[in-house]
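Asks: Sharing a structure below in structure tokens format, with a few things to ask.
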Amino acid sequence: MRNFFFCKMKIILVAGARPNFMKIAPLVRAMKRRNSKFKIILVHTGQHYDDRMSKIFFKDLGIPEPDVYLGVGSGTHSHQTGKIMMKFEKVLLKEKPDLVMVVGDVNSTLAAALSAVKLHIPLAHVEAGLRSYDRRMPEEINRVVVDVLSDYLFTPSPDANENLKKEGIPEEKIFLVGDVMVDTLLQFKVKSLKLRVLTRLNLRKKEYALLTLHRPSNVDNQENFLKVLRALKEISRRIPIVFPAHPRTRKNIKKFKLMGRGFTQIRADKNILSHSEVKPKNPRDPSLRAQGDINPVNLRSSASKNIYLLEPLGYLEFLKLMMESKFVMTDSGGIQEETTVLNIPCLTLRDTTERPITIKEGTNILVGNDTKKIIKEAKKILDGQGKKAGKSVSRLWDGKAADRIVSVIKDIC
Ligand code: UD1
């Protein structure tokens, strides 16, 4: 039996994919501040494994090396989820934690949650209650299942509480704590602003747009991908677009032969850079070559002046590019929130969002992959009519969400 006064909780904190890392960073810090209370075991599933998808975030955010690395790698949804479960179960049996904490909505989140509850280990979900109500998104399925399984549901915004209540989750399990991603953003804003990434890319403040694109619905489907690319071509006539591309997107650019089609149409040309070779000189210099699985010859034969295709960036560099941009186009979840906090206009290249607060109170607009709509909204921003964030959105987005979570779980044992 536990002695209340000497109780030290053993918590397994799980992360696996890029959007998890900025969420665990403040949790690790908040728990480490109460070292006498918590023993944390950090488990990295290895869902993301490239240095630029994983290691760079640990370094940028000062997250300690994982205690356990499962090394599952890529695969179909079932394959990846199953593999994580099999490996994670062994960790649980060995460590017998008091609590498993998962964050976000990726396959690692789902797999770890399932393994924990099957062994009757209490489960906490950070970023609970978000719903896009689009079950074609794998993340939506992950969210719904993890929330139904969780004992402690930490929500980022009031709409998430409403969603959970509608689904019959008992109120005593739900804790409105704010957004851990904002904790990280506020902590690293100043450090990130000091980086010289704009100089390196020969960009000027507020004179470029930033793009991320990796959702299967946009990049696994050639027709949808082309619809977005047509809009980008048009927008890039007025403003350079900086595009750090996810590995999934790069693969599909190659698979659909978009170098010769889509990207040629958007006039990609010699402005395409590889992050690893970016130097403090004019990126229009034709001597610069694209690298990786992008064919430099095809790129250079195209006509565009305004698409900068980069390797995936680390947290700090990406934050800097986001802060200094004129606007952001994205199909990511977290970036919708980050742009709202930073008061940067955001066009979300999706039909739905699990973060409606960023539309209601923030800078976000849903444009889907509708070519005309993307162009129309981008032009509005370029003409000075970008959306501004309201003040109320930030009430609990104050950099203290992780502390609130730790205050709740410290009383568990
Ligand atoms: C996953 C998440 C998604 C999140 C995204 C952020 C799920 C269901 N999806 O999608 O919610 O927005 O991460 O990046 O969990 N790959 C590499 N190197 C890596 C990782 C992946 O090359 O380090 C390639 C592999 O070919 C892999 C593909 O990217 O098959 C997709 O990776 P996967 O983790 O399956 O899904 P994401 O699209 O990254």
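Asks: Students often forget the sequence filter, so: which aspartates and glutamates lie under 15 Å Cα-Cα from Lys94 once same-chain residues fewer than 8 apart are removed?
Replies: Reachable aspartates and glutamates: Asp67.
Asks: Can you sort His44, His246, His79 from fewest to most other Cβ atoms within 10 Å of each residue's own Cβ? Show your work: numbers first, answer last.
Replies: Working: His44 27, His246 20, His79 13.
Going from least to most buried by this count: His79, His246, His44.
Asks: Quick one: dipole size for the chain, taken about the Cα centre, charges +1 on Lys/Arg Cβ and -1 on Asp/Glu Cβ, in debye to the nearest 20.
Replies: Details: 73 positive and 45 negative charges, 297 e Å.
The calculated dipole for the chain is roughly 1420 debye.
Asks: Follow-up question, since we're still on this one. Express in nm, to one decimal, how much length is gained between Asp51 and Glu172 on full extension, taking 0.36 nm for each residue of separation and deducting their alpha carbon distance. Walk me through the numbers on the way to the answer.
Replies: Working: separation 121, 0.36 × 121 = 43.56 nm, distance 4.01 nm.
The Asp51-Glu172 span can extend by a further 39.6 nm.
Asks: Please label the shape of segment 1-122 as rounded, prolate or oblate, based on the square roots a ≥ b ≥ c of the eigenvalues of the alpha-carbon gyration tensor (a/c under 1.5 means rounded; beyond that, a/b larger than b/c means prolate, else oblate). Don't jump to the answer; show the numbers that get you there.
Replies: Working: a/c = 2.37, a/b = 1.26, b/c = 1.88.
Judged from the Cα gyration tensor, segment 1-122 comes out oblate (a/c at least 1.5, b/c at or above a/b).
Asks: Given the rule -39500 (n - 2.57) for each run of at least 4 DSSP H residues, summed and divided by the residues of the chain, what is its mean residue ellipticity at 222 nm, to the nearest 500 deg cm²/dmol? Working shown, then result.
Replies: Working: 18 runs with 175 residues, N = 413.
So the calculated ellipticity at 222 nm is -12500 deg cm²/dmol.
Asks: With a 10 Å Cβ neighbour count serving as the proxy for reagent exposure, in which order, fewest first, do Ser332, Ser74, Ser217 appear?
Replies: Details: Ser332 21, Ser74 12, Ser217 17.
Result, fewest neighbours first: Ser74, Ser217, Ser332.
Asks: State the percent of C-alpha pairs, over all pairs in the chain, separated by a distance greater than 35 angstrom. It would help to have the intermediate numbers written out before the result.
Replies: Working: 22460 of 85078 pairs.
When all Cα pairs of the chain are counted, 26 percent exceed 35 Å.
Asks: Then there's this: Set the Förster distance to 22 Å, then compute FRET efficiency between Lys194 and Lys59 from the Cβ-Cβ distance, nearest 0.05. Before the final figure, lay out each step's value.
Replies: Working: r = 16 Å, r/R0 = 0.74.
It comes out at approximately 0.85.
Asks: Next question, about the same structure. Restricting to DSSP loop positions (anything but H, G, I, E, B) with no more than 16 other Cβ atoms inside 10 Å of their own Cβ, which GluC sites (Glu not before Pro) remain in segment 163-227? Numbers along the way, then the final one.
Replies: Details: sites: Glu167, Glu171, Glu172, Glu207, Glu223; in loops: Glu167, Glu207.
The qualifying sites are Glu167, Glu207.
Asks: Helix 371-382 sits at what angle to the longest principal axis of the chain, using alpha carbons and giving 0 to 90 degrees rounded to 10?
Replies: With both axes taken from Cα atoms, the answer is about 90 degrees.
Asks: Picking from Lys39, Lys94, Lys173, which is most flexible by a Gaussian network model of the chain using Cα springs under 10 Å?
Replies: Among Lys39, Lys94, Lys173, the largest mean-square fluctuation in the Gaussian network model of the chain belongs to Lys94.
Asks: May I pose another question? Only counting other Cβ atoms within 10 Å, I'd like Cys413, Cys346, Cys7 sorted with the fewest neighbours first.
Replies: Values: Cys413 15, Cys346 31, Cys7 12.
Arranged by neighbour count, lowest to highest, Cys413, Cys346, Cys7 become Cys7, Cys413, Cys346.
Asks: Let me ask another. Please say if segment 49-96 is rounded, prolate or oblate, where rounded means a/c under 1.5 for a ≥ b ≥ c the square roots of the C-alpha gyration tensor eigenvalues, and otherwise the choice is prolate for a/b larger than b/c and oblate otherwise?
Replies: On the way: a/c = 3.72, a/b = 1.31, b/c = 2.84.
Taking the square roots of the gyration eigenvalues as a ≥ b ≥ c, segment 49-96 is oblate.
Asks: For His77, put the label point 7 Å out on the Cα→Cβ axis and report which residues of segment 115-144 keep their amide N under 11 Å from it.
Replies: 135-143
Here, each number is a calculation from the coordinates, and none is a lab measurement. Bear in mind that the values here come from a model prediction, so they are computed numbers and not experimental data. Note: ideal-geometry Cβ built from the backbone for every residue, glycine included; neighbour counts use all protein chains shown.
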